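The values are calculated or read from the model by the stated rules, or taken from the named source; none is laboratory data. What you see is a predicted model; the values in this text were computed from it and never measured. Counting neighbours? That spans all protein chains shown, and the Cβs are built from the backbone with ideal geometry, glycine included. Only protein heavy atoms, including side chains, enter the accessible area calculation; ligands, DNA and RNA are left aside. Shrake-Rupley method; radii C 1.70, N 1.55, O 1.52, S 1.80 Å.
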Amino acid sequence: MLAFGIRYLNGFAAACEPHERQPERERPEWPPHPARVFMALAAAHFQTGEDPDERRALEWLESLPAPSLRAPEHVPRAVVTHYVPVNDKPGNKTKPPTAVIQSVPQLARDRQPRTFARTWPDEDVVYLVWPEAVPQEPVARALTQLCAKVTRIGHSMSLVQMWMATSEEAGEPTWIPDEERAEIHLRVPSAGLLADLERRYNQVAVEAYAALLVAAEDGNAKTRRAAKRRLSEEFGGEPPPRLRPQVPFYQGYARPVAAESPKETPGTVFSPHLVVFRLERESGPYQALSLRTVATVTTRWREALVSQCNDMPDRVREIVSGHHRDGAPLEAPHLAFLPLAFVGHPHADGHLLGMGIVLPQQLTLDERRQVLRVLARVSQLRLGALGAWRLDREAGGRPPWNLRPEAWTAHPDGATHWSTVTPVAFDRHPKAKDRGEYQREVAEMIAAACAAVGLPRPREVVVTAVSAHLGVPPAHVFPRLARKDGSERRHAHAILVFDEPVRGPVLIGAGRYRGYGVARPMWPSGSQGEGGKS
Amino acid sequence: MEQLSVEVLKSAVKGAAAAFRCRRRLLPAGGPGEKVFPPTFAGAVYAIEQRRIPGRDGPVTCVLLDSVQSQANRMELALQEAVDAGRIRIPLVVVDFTEYDPTGDLEADERAGRLIDRVGKITSLQVPHRLADATLRYSELDGVPFRKSDKGKALNTVSPTNATPLFELCPTALLFGMWDSTGPKGGLGAKFERAMVSEIVGVGVEVGDLRRGVRRDPLGTSRDVTVIPSEDRTEFRVAEGRNRGVRPSKLGLASVPFPKQTDQKTRENYYDGVTIEYAEQTTTLSLICLRRLRFPLNGQPPQDEVDVAARTVLAALGLCAATLAFEAGADLRSRCLLWPDGPTVWELLARPGAEPERFSLTGETAIALLKEAVRQAKEKGLPWPDEPVVLKPSEELVKLARLSQIEAAKKTGETGETA
């Protein structure tokens, strides 16, 4: 077994989630991503003489599977905007220095806003554990040596002490790698990361360039000329590229399953572990997409996915497309879309925050991985008049309540009361002429639709024009789905009441693979602390 | 409790211990329950946050009372005061503006290009970017721009593996961090991470009464009666007839209004201070960071015993800065004076689980510790100049400072605020 212990010496951790956008950069990273810890070890190696044994140890470490973590719970710290002295630029002949004088009491200087994402862990120690890995000498010695040289994980104020820990010390993990049940996604190292970090940092070239820069300004005329010539010949007068490290691999992590697993809540044929994507506007006239556009979004997204899975095995193509190779519709459950909208709040307006991709419960791990690979290939949707939208995989952290799978699936405890967020499209045209009879017929149809996705028969089905969730548009506002023959399917909202709690995702009716007939638990008011946020 | 000795310090630096850490409890000087005023951040907000504390149900409301950056400045200030008082001698770079200080004769000052307000001497302990600061860059050593002088040039080759030049010129940069982003190498310049982190957090916060006005004018001056100030703002007359004046608040008259929303806390009405149960200050000096620094001498490869001697000096300097700052008192800002709840104890953090060794340290002992560590370092041949390197500001820098002061004075006049 291999385990690293990390103690945060100030009681807080300062590191932000790597992201291009500001809101995410204000979110502290917790637990520390294994790749961040690896990079701290790599920095210790490169900054202290590059011992070859250390390098071999790091190359061994990066080839290991993702570690388990034992990380305490945490409370993110307040993010406030600090003003820090600007990084003054030296300027040149044509452009004067931007900020020359300093904020000693008598002289004022510009300051720039900056934020620091930090968090208070409940305890100050975190462990990373590789249960199967056994480092041999001299790897173990090199790792011990490297750990002792790690100064910080994250920002320079995030001082740590790191060491090789024993299994007794590390104890039971709180997060284990598990793509299937993943609740959070953490960056992990993979083979070749060390070499990639070295290439991106580009130290040799950077130092050579810097030395020439100094020589070009200094010394006698001859050395200056020589340095200038080399600068333009070897570097084209441009500083050598130096890139920020990028870790492409995210590993899903889940809480370990308790030894005595509680009674299984009845659920649907769909897996409660949604793959969540945020929808981010790239261009177009609308700031946000309404729930009414669900069919347009899902149709376009599905086409894009189908076009991207030609190299995949038949089974994966069937799951993505929902059709057999010969074009006949697949009877078994397949990939479905679950619109994640801002609903259930007094200010909710029903706009789409993102989309959850729902996969069937019965998938092998391999199939799930391959489907995830297909999903990763589509990163943008062009929706014509609705504009272009970027798809960002929601990875780790604590997203808003409406982007969390449990808000929609009630996993694992289940819920008895559900109401639709998109109307249930009818399987067939109701025949009843009488209004009461019509309601009964539709209710019966919806009850049957529940059974079709593996749910118990609901005790009650209320067919209604409006949803019980605040912010959801009434049923008549949604465009009707079309049958193959061109005729339109009728649809209605519904409230479902079950005798016992059931878990979602609840997708029912004829449009269940296209984002219609999506029901969401009716959370008792006040039961969800964060239900108030979008 | 044992006083920290130079032997203990040296063996800690040499050994595997992670850090010296001091965690102390502070109470408002007016006693528990007395209001304190936390710093406000952009948008006039306090950094109010939740934290779980062992032994308590649910998260406890906390507030940031002094940030990491501010604490670093306070420690440097404490060192500066000790230097000024002749209590310690440390390598310093000083920019001497005294010959440009105003004499009081405005016309003569203007002719001579002297400053409007006195600047005096600015040291590498006061400027924000430490040794890499622009104020130093635009100053001269014996008529040569600082970064082109022999001492300044040494900065071009410093790195954690060659920290000797920085040890000689500005050892505090090795403790509090520095990035030479403006030297000839630009962003590729030397980077040192901080080894000291300190912060003060108030625990058990109650936000103050929100219904109080910020300033009540006894005259009851109305905003609807306008005034016309004289040019120099020493007098005014009430605007009458067609003349439209400015609101009297421009002259500092009239009440400052109540917050608009008083029934709940908003981002706008956090002005009124908070009460806290106690404040907690955590100061950490990472020995791991110091161990990354190497100190080669005279172009030779670094030697272990020289490295240990130099790191011991830096550790002693860090402890000295923190202890002197503690003794200067935590008078953080107006109406935020805190007082320690007990003696100051430093823990030497070895491996987690192991009981840390504990030491007491007073300002005097810390200074003695630094002196002894410096003596031993000098014996090993490490440079520790007792006299500061004195730079003269370049002509253009003086001119810039002078014009900036004039601009600042104009702005003060316009807004009626004090700078």
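Give the residue list of GluC sites (Glu not before Pro) in region B:354-407 that are DSSP loop and have at most 11 other beta-carbon atoms within 10 angstrom.
none
Report the residue, chosen from B:S198, B:S230, B:S67, that carries the largest GNM mean-square fluctuation when chain B is represented by alpha-carbon nodes joined by springs under 10 Å.
Comparing B:S198, B:S230, B:S67 in the GNM, the peak value goes to B:S230.
Return the loop-located GluC sites (Glu not before Pro) in region B:1-98 (DSSP other than H, G, I, E, B) with at most 16 other Cβ atoms within 10 Å of their own Cβ; answer none if there are none.
For GluC sites (Glu not before Pro) across region B:1-98 that sit outside H, G, I, E and B with at most 16 neighbouring Cβ atoms in 10 Å, the list reads B:E2, B:E34.
Just which residues of region A:138-177 lose 30 Å² or more accessible area with every protein chain there, against their chain alone, with the probe set to 1.4 Å?
A:T151, A:S156, A:M157, A:L159, A:Q161, A:W163
Let me know the whole percent of all Cα-Cα pairs from the protein assembly as shown that are separated by more than 51 Å.
33
Work out Dmax and Rg for region A:134-284 from the C-alpha atoms and quote the Rg first, both in angstrom.
Spelled out, the Cα radius of gyration and Dmax of region A:134-284 are 25.0, 83 Å.
Can you tell me the FRET efficiency between B:D84 and A:A211 if r is taken as the Cβ-Cβ distance and R0 is 30 Å, rounded to the nearest 0.05?
Numbers: r = 39 Å, r/R0 = 1.30.
FRET efficiency, B:D84 to A:A211: 0.15.
Using alpha carbons only, how many degrees (0 to 90, rounded to 10) separate the axis of helix B:304-327 from the longest principal axis of chain B?
The answer is roughly 30 degrees.
Counting only protein heavy atoms and rolling a 1.4 Å probe, how much accessible area do A and B lose on contact, total for both sides, in Å² to 100?
Accessible area lost upon association: around 5100 Å².
If I compute solvent accessible area with a 1.4 Å probe over the protein chains, what percent of it on chain A is carbon and sulfur?
C and S atoms contribute 51 percent here.
Go from 0 up to the bin containing the longest alpha carbon distance in region A:129-195, width 5 Å each, and give me the % of pairs per bin.
3, 11, 14, 22, 27, 16, 6, 1
Which entries of B:K148/B:K191; A:K228/B:K121; B:K35/B:K191 have Cα-Cα distances beyond 29 Å here?
A:K228/B:K121; B:K35/B:K191
Calculate the FRET efficiency for A:R369 and A:H324 from the Cβ-Cβ distance with a Förster distance of 25 Å, rounded to the nearest 0.05. Write down the numbers at each step before the final one.
On the way: r = 22 Å, r/R0 = 0.89.
For A:R369 and A:H324, the calculated efficiency is 0.65.
Angle between the Cα long axis of helix A:52-62 and the longest principal axis of chain A, 0 to 90 degrees, nearest 10?
Helix A:52-62 and the main axis of chain A meet at about 10 degrees.
First measure r as the distance between the Cβ atoms of B:A239 and B:A409, then evaluate 1/(1 + (r/R0)^6) with R0 = 35 Å and state the FRET efficiency to the nearest 0.05. Working shown, then result.
Values: r = 26 Å, r/R0 = 0.74.
After rounding, the FRET efficiency stands at 0.85.
Please calculate how many Å² of accessible area the protein assembly as shown carries per residue, with a 1.4 Å probe and no DNA, RNA or ligand atoms counted.
Numbers: 44880 Å² over 953 residues.
Using a 1.4 Å probe on heavy atoms only, each residue of the protein assembly as shown averages 47 Å².
Just add up the charged neighbours of A:D326: K/R +1, D/E -1, any other residue whose Cβ is under 14 Å from the Cβ of A:D326.
Surrounding charge for A:D326 is -1.
How tilted is helix B:395-415 with respect to the longest principal axis of chain B? Cα atoms for both, answer in degrees (0 to 90, nearest 10).
Roughly 30 degrees, rounded to the nearest 10.
Report the extension gain between A:R377 and A:E282 in nm, rounded to one decimal, defined as 0.36 nm multiplied by the number of residues separating them, less their alpha carbon distance.
This chain segment gains 32.4 nm when fully extended.
Just to be sure I understand: with springs between alpha-carbon atoms less than 10 Å apart, which residue in B:G220, B:G30, B:G86 has the highest mean-square fluctuation in the Gaussian network model of chain B?
B:G220
Rounded to a whole number of µm²/s, how large is the Stokes-Einstein D of chain A at 20 °C and 1.002 mPa s, given Rh as the Kirkwood radius over C-alpha pairs?
Answer from the Stokes-Einstein relation: 80 µm²/s.
Can you list the residues of region B:22-58 whose accessible area drops by at least 20 Å² going from the chain on its own to the full set of protein chains, with a 1.4 Å probe?
Correct list: B:F41, B:A42, B:A47, B:E49, B:Q50, B:R51, B:R52.
Less than 13 Å apart at the alpha-carbon level, and either on another chain or at least 8 residues along: which aspartates and glutamates does that give for B:K14?
Straight-distance partners of B:K14: B:D304, B:E305, B:D307.
What is the distance, in nm, between label points placed 7 Å from the Cα along the Cα-to-Cβ direction at B:D232 and at A:T223?
The modelled label-to-label distance comes out at 5.8 nm.
Return the Rg/Rh ratio of region B:81-164 with Cα-based radii and a Kirkwood Rh.
My calculation puts Rg/Rh at 1.06.
Among A:K149/B:K153; A:K222/B:K151; B:K151/B:K392, which pairs are too far apart, with a Cα-Cα distance over 25 Å?
Pairs exceeding 25 Å: A:K149/B:K153.
Filter the trypsin sites (Lys or Arg not before Pro) in region B:1-81 to those in DSSP coil with at most 12 other Cβ atoms within 10 Å of their Cβ, and list the result.
Those that pass, being in a loop and sparsely packed, are B:R56.
Accessible area of chain B with a 1.4 Å probe: how many percent of it is carbon plus sulfur?
Ligands and nucleic acids excluded, carbon and sulfur give 49 percent.
Hey, what does the equivalent ellipsoid look like for region B:1-129, semi-axes from the Cα gyration tensor as sqrt of 5 times each eigenvalue, largest first, whole Å?
40, 27, 14
7 Å from Cα along Cα→Cβ at both A:R440 and A:Q47: what's the point-to-point distance in nm?
Result for the modelled spin labels: 7.7 nm.
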